[in-house]
Amino acid sequence: MHSALNNNLFLVKEHVGLFKAANNFDIYDPQTGEVILHCREPRLGMLTKLFRFTEYKRFTPFEIEITTPSGEPVCSVHRGLSIFLSTVDVRDIQKEKIGSFKQHLFSIGGAFTVLSATGKELCHLKGSWTGWNFRFVADDGTEFAHVTKKWSGVGKELFTSADNYVL
């Protein structure tokens, strides 16, 4: 595992952009304010770009590359075309699957099962009905981590879809 992933606290900031089709985020160390990771979607097909500006955006595939600020690869996150249920794969720099998230069929706020590379269930990612809070929880109720939406100010919240989250 890359040393940039050893932090216990991360601030994820989505890039603001007018007519942006790609998913782009920066991950900060909240204690130092330093950017520790870049998350970029560098290769979008024309059809995917077009669908990103419609109500079908959530069905489109993605491949997000996660690198250090100097460009060193850390891992990548992939999802194919998603009609009903999503499966999101996390891969190491050799493109080997190291885990995945499998979407639950019915849930308010979103829910995924977090799986190991071999498909073993590790925990669940559960969202609240507001879509602002998420928890990584084991079957016995043990919480491993939580994700919370961070307020970005009136201008950004009202006029963009870019969000900030703390993990």
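The values are calculated or read from the model by the stated rules, or taken from the named source; none is laboratory data. As the structure is a computational prediction, the values presented were derived from the model and not from experiment. In this analysis, Cβ positions are derived from the backbone assuming ideal geometry, glycine residues included, and neighbour counts consider all displayed protein chains.
Per-structure values
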{"item": "Selected residue (criterion: modelled with the highest pLDDT) from residues of region 135-156 that are of a type in the set (A, V, I, L, M) and surrounded by 15 or more Cβ atoms within 10 Å (Cβ to Cβ)", "result": "VAL137"}
{"item": "Region 88-112: number of residues that are in contact with a Lys or Arg (Cβ under 8 Å, 6 or more places away or on another chain), at pLDDT below 95 and assigned to a strand (DSSP E or B)", "result": "2"}
{"item": "Residue check, LYS120 surrounded by fewer than 16 Cβ atoms within 10 Å (Cβ to Cβ), on the phi < 0 side of the Ramachandran plot, without any contact (Cβ under 8 Å) to a residue 24 or more places away in the chain and among the basic types (Lys, Arg)", "result": "yes"}
{"item": "Residue selected from region 62-86 under the condition modelled with pLDDT under 95 and surrounded by fewer than 16 Cβ atoms within 10 Å (Cβ to Cβ), by the criterion nearest to CYS123 (Cα to Cα)", "result": "LEU85"}
{"item": "Cβ-Cβ under 8 Å pairs, at least 6 apart or on other chains, region 69-81 side over 16 Å from ARG58 (Cβ atoms) and in contact (Cβ under 8 Å) with a residue 24 or more places away in the chain, far side of a type in the set (Val, Ile, Thr) and assigned to a strand (DSSP E or B)", "result": "PRO69/VAL35; PRO69/ILE36; VAL74/ILE66; VAL74/THR67; CYS75/ILE66; CYS75/VAL90; CYS75/ILE98"}
{"item": "Set VAL35, VAL12, VAL74, VAL16: member being closer than 21 Å to THR148 by Cα and touching a helix residue (DSSP H, G or I) at 6+ places or on another chain (Cβ under 8 Å)", "result": "VAL16"}
{"item": "In region 123-134, the residues that are closer than 22 Å to ASP163 by Cβ, without any contact (Cβ under 8 Å) to a residue 24 or more places away in the chain, surrounded by 14 or more Cβ atoms within 10 Å (Cβ to Cβ) and hydrophobic (A, V, I, L, M, F, W, C)", "result": "TRP132"}
{"item": "Given (1) closer than 22 Å to SER82 by Cα; (2) free of Cβ contacts under 8 Å to residues at least 12 places away in the same chain, number of the condition GLY141 does not satisfy", "result": "(1)"}
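Here is a yes/no grid of residues against (1) among the basic types (Lys, Arg); (2) in contact with a Phe, Trp or Tyr (Cβ under 9 Å, 6 or more places away or on another chain); (3) more than 19 Å from SER86 (Cβ to Cβ):
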{"position": "ASN8", "(1), (2), (3)": "no, no, yes"}
{"position": "ASP29", "(1), (2), (3)": "no, yes, yes"}
{"position": "PRO42", "(1), (2), (3)": "no, no, yes"}
{"position": "TYR56", "(1), (2), (3)": "no, no, no"}
{"position": "PHE59", "(1), (2), (3)": "no, yes, no"}
{"position": "GLY71", "(1), (2), (3)": "no, no, yes"}
